[in-house]
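Report on the following structure.
The values are calculated or read from the model by the stated rules, or taken from the named source; none is laboratory data. From a predicted model like this one, the values you see are computed outputs, not experimental measurements. Please note: Cβ atoms are built from the backbone with ideal geometry, for glycine as well, and neighbour counts cover all protein chains shown. Accessible surface is based on the protein model in full, side chains and every heavy atom, while ligands, DNA and RNA are left aside. Shrake-Rupley method; radii C 1.70, N 1.55, O 1.52, S 1.80 Å.
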Amino acid sequence: MIQVKNLYKRYGGVTAIDDITFSIRKGEIFGLLGPNGAGKTTTLRVLSTVLKPDRGQIRIGGYSVLDESQKVREIIGVCPQEIALYPELTARDNLIFFALMGGHKKAEAKKKSKEILTEIGLENKGDEKVISLSGGMKRRLNLAVSIIHEPLALFMDEPTVGIDPKSRAAIFEILNRFKKKGVTIVYTTHYMEEAERLCDRVAIMNNGHIIALESPHSLKKKFNPLGQISFEEIFLELTR
């Protein structure tokens, strides 16, 4: 679904991404992990067409990110760390607006907004303004507007920052449903227990390089054959 080859990006005198290559399968939840400044957010922004790389090749769903960026934007969704909602609009109106922006007709947008409110567990909050919703509800709605146009690939930048365990569990459940539908998810987080629980494979980055790329289970076995080590300990050891 996603192929990245020899990706390189430099800011001034700093190399943010240093010649990385990887691929992501359809329906895979792929973790992009690393300490601050490792290059993961820059990688996510390049993959989602926000930034242009200095060199390298990227294809998503068969389309070139460099040469067919509009085609790529039509098949991807982006859930940013920041809440990207209109606070004075209702939850339903936010969903309808983003559905219309994604190309749905008005009647279809209304239908999709009703369906997705139920899917994210906010069917009773549709007519409430976003400003009145709890932090966890806003996070779920933030995710909902990024997928209402039914993307084939979803990029998520730390989507569970600062929310309660119940809302986090709800988001995990939603993501696993997307996975079963064949949606490819690229997920960044600083919570290693999330990465271990959710991700089929992880790429751990440091100083612009990918220093490990495999499943969390395989990494634990590699560091300790009995698996008696936490994934966070492995992450800290690799990025020391």
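Summary of computed values
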{"item": "Binned Cα-Cα distance frequencies in the chain - 5 Å width, integer %", "result": "1, 6, 14, 17, 18, 16, 12, 8, 5, 2, 0, 0"}
{"item": "9 Å beta-carbon shell around ASP54, net charge (K/R +1, D/E -1)", "result": "+4"}
{"item": "Rounded to whole Hz, the Karplus (6.51, -1.76, 1.60) HN-Hα couplings of the range 57-68, x for glycine and proline", "result": "10, 9, 10, 10, x, x, 9, 7, 4, 7, 9, 10"}
{"item": "Gained length - VAL50 relative to LYS106, 0.36 nm times residue gap less alpha-carbon distance", "result": "17.4 nm"}
{"item": "Accessible area of the chain belonging to carbon and sulfur atoms, whole % at 1.4 Å probe", "result": "50 percent"}
{"item": "Separation in nanometres of the label points that stand 7 Å from Cα toward Cβ, at ASP200 and ASP127", "result": "4.2 nm"}
{"item": "Accessible surface, per residue, of the chain when the full set of protein chains is kept, probe 1.4 Å, Å²", "result": "49 Å²"}
{"item": "Expected 222 nm ellipticity per residue - DSSP helices of 4 or more, -39500 (n - 2.57), all of the chain, to 500", "result": "-11500 deg cm²/dmol"}
{"item": "Diffusion constant of the range 138-240 at 20 °C, which comes from Stokes-Einstein with the Kirkwood Cα-pair radius and 1.002 mPa s, µm²/s", "result": "144 µm²/s"}
{"item": "In the range 173-209, the GluC sites (Glu not before Pro) that fall in loop regions by DSSP, at most 13 other Cβ within 10 Å", "result": "none"}
{"item": "Total charge dipole magnitude, the range 1-117, about the Cα centre, Cβ charges on Lys, Arg, Asp, Glu only, Debye to nearest 20", "result": "320 debye"}
{"item": "Karplus (6.51, -1.76, 1.60) ³J(HN,Hα), θ = phi - 60°, over the range 82-97, in Hz, Gly and Pro reported as x", "result": "6, 6, 9, 10, 8, x, 8, 8, 6, 4, 5, 5, 4, 5, 4, 4"}
